[in-house]
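These notes concern the structure reproduced below.
The values are calculated or read from the model by the stated rules, or taken from the named source; none is laboratory data. What you see is a predicted model; the values in this text were computed from it and never measured. No Cβ is skipped: glycine too gets one built from the backbone with ideal geometry, and neighbour counts run over all protein chains shown.
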Amino acid sequence: MRRPDAIHLVTPVWGTEHIGRFLEFAVPSQLAPGNLDALAELAPLEYHIYTREQDRGTLEREDAIHRLASHARIQFHQLPSDPTARSAHAAMSDVHADILGLARRADAPVVFLAPEMVMSVGSLASVARRLLDGARLILLGGLRVKADVAGTIRDQFTRDGVIAAPARELAALSIPHLHPMMDGYFWDSAHPSAWPAVLLWHVGGEGILGHFFHLHPLVAWPELDATLSGTIDDRFVDDVCSQHSVYVNQDSDEMFVITLDDNPAAQQFQSLSKKPMSPRRVGAWAVRGTGAQHRRQVRLPIRIHSRDLDDRWQRVEHEADATVSQIGHWHLILRPVLSPWGRARQAAAGNPVLRAVYRRTKYRVRATSGRFLSSRGR
């Protein structure tokens, strides 16, 4: 595989809280051995910071940014859209669309970073190896953790302004401090997520096994002429490159990231269900919530661990693999029925008469199909 002429890294960041985390945690972890220094050995780095004009001066004065400049050429950009007028997700998607346009023109990879992201030592060295192996899309499953663990991260891993956190030690610190939003993704959750894009299982007290429909695209090197219309973890992953150029990281020892979040209200954006997780329910969600790449990658076990893998992992992986297979089975059964209904819902959305007809018909079909599906078992 040829080396890229340059590698572009991008972070959208604005506001006092996010800028503080970016400077105190994200950048210092990127400065750790085996991260930016290792990536820079592969190709020159272009680091793009998208922010508001009133925040740029603050960033430019900080020592962390000056240290960043020793590894990469820093470029500041005005945010393409006002984050106060739209949602934060929409503002970030606008940034990602902008940088992807640049990447396509330059035929170069993009590393998508978040201002609250802390990465383990050597994560970007692994990215460099995978790019050399031919990967064009590198997908990663991380953890969202409560920000009250930030002080411990700073005290335990910071030396001379650098956060050098080994993957297993970072996992050991993070697993007991998961953000409440993560609770709904566990298969045995009493209040599971109504948007089960991530499926998790505990392995003792020191590991988490994940099967992810939606993974974070840490790196995208556009191979196809893909247009971003939504978030980068949605249908974009189907369009950016061929499936043979996709690499899914399955072991936290190779790459590991966490996202610091002290906003308990973030859970309100994740609807919770009163019904337990079931293969049929997740299979039905997958009809409308996933694309082909999502359904391929969910089959792969992702191991986040703080110790060596032992026999307990085999037992949990066997259970999880059987569950994911059942989800795939239900997806195949339900897709011919639910896909047309999704298209009908979209067509009826702007027409009050069609919307009323759709709702009446939907309830009748749901009642009939529910009796049929119950007869097939869960």
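Can you tell me how many residues in the stretch 244-255 are assigned to a helix (DSSP H, G or I) and either surrounded by 23 or more Cβ atoms within 10 Å (Cβ to Cβ) or on the phi > 0 side of the Ramachandran plot (or both)? I'd like the intermediate steps shown before the answer.
Looking only at the stretch 244-255, we keep the residues that are assigned to a helix (DSSP H, G or I), and these are 244-245.
Then drop every residue that is not either surrounded by 23 or more Cβ atoms within 10 Å (Cβ to Cβ) or on the phi > 0 side of the Ramachandran plot (or both), which leaves none.
So the answer is 0.
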In contact with a Phe, Trp or Tyr (Cβ under 6 Å, 6 or more places away or on another chain) and farther than 16 Å from residue 116 by Cα - does that describe any residue in the stretch 36-50? no
Against the condition modelled with pLDDT of 75 or more, surrounded by 13 or more Cβ atoms within 10 Å (Cβ to Cβ) and closer than 30 Å to residue 26 by Cα, how does residue 326 come out, does it pass? no
Taking only the stretch 134-154 into account, find how many residues are of a type outside the set (Asp, Glu) and assigned to a helix (DSSP H, G or I). 7
Here are some conditions: (1) in contact with a helix residue (DSSP H, G or I) (Cβ under 7 Å, 6 or more places away or on another chain); (2) under 17 Å from residue 7 (Cβ atoms); (3) not charged (D, E, K, R). Residue 100 meets all but one. Which one does it not meet? (1)
Of the residues that sit in the stretch 113-131 and are among the small types (Gly, Ala, Ser) and assigned to a loop (DSSP other than H, G, I, E, B), which one is nearest to residue 9 (Cα to Cα)? 114
Residues of the stretch 224-241 being touching a Lys or Arg at 6+ places or on another chain (Cβ under 8 Å) and under 20 Å from residue 299 (Cα atoms), in sequence order, are 241
For the stretch 333-351, check the following and say yes or no: at least one residue is at pLDDT 80 or above and in contact with a strand residue (DSSP E or B) (Cβ under 7 Å, 6 or more places away or on another chain). no
Considering only the stretch 259-279, I want to know if a residue exists there that is part of a helix (DSSP H, G or I), modelled with pLDDT of 95 or more and buried (at least 18 other Cβ atoms within 10 Å of the Cβ). yes
From 139, 143, 132, residue being touching a Ser or Thr at 6+ places or on another chain (Cβ under 7 Å) and more than 22 Å from residue 315 (Cα to Cα): 143
Evaluate the following for residue 37: is it closer than 22 Å to residue 154 by Cα, at pLDDT 95 or above, surrounded by 15 or more Cβ atoms within 10 Å (Cβ to Cβ) and out of contact with any strand residue (DSSP E or B) (no Cβ under 9 Å at 6 or more places or on another chain)? yes
Could you check residue 99 against (1) closer than 25 Å to residue 258 by Cβ; (2) in contact with an Asp or Glu (Cβ under 8 Å, 6 or more places away or on another chain); (3) of a type outside the set (Phe, Trp, Tyr) and say which number it fails? (2)
Got at least one residue in the stretch 151-161 being modelled with pLDDT of 95 or more and of a type in the set (A, V, I, L, M)? yes
How many residues of the stretch 107-134 are under 16 Å from residue 216 (Cα atoms) and crowded, with 21+ Cβ neighbours inside 10 Å? The answer is 15
What helices (runs of 4 or more DSSP H) completely inside the stretch 155-243 contain at least 3 residues that are free of Cβ contacts under 8 Å to residues at least 60 places away in the same chain and either among the acidic types (Asp, Glu) or surrounded by 22 or more Cβ atoms within 10 Å (Cβ to Cβ) (or both)? 236-239
Looking at 364, 312, can you tell me which residue is at pLDDT 95 or above, in a helix (DSSP H, G or I), among the charged types (D, E, K, R) and at negative phi? 312
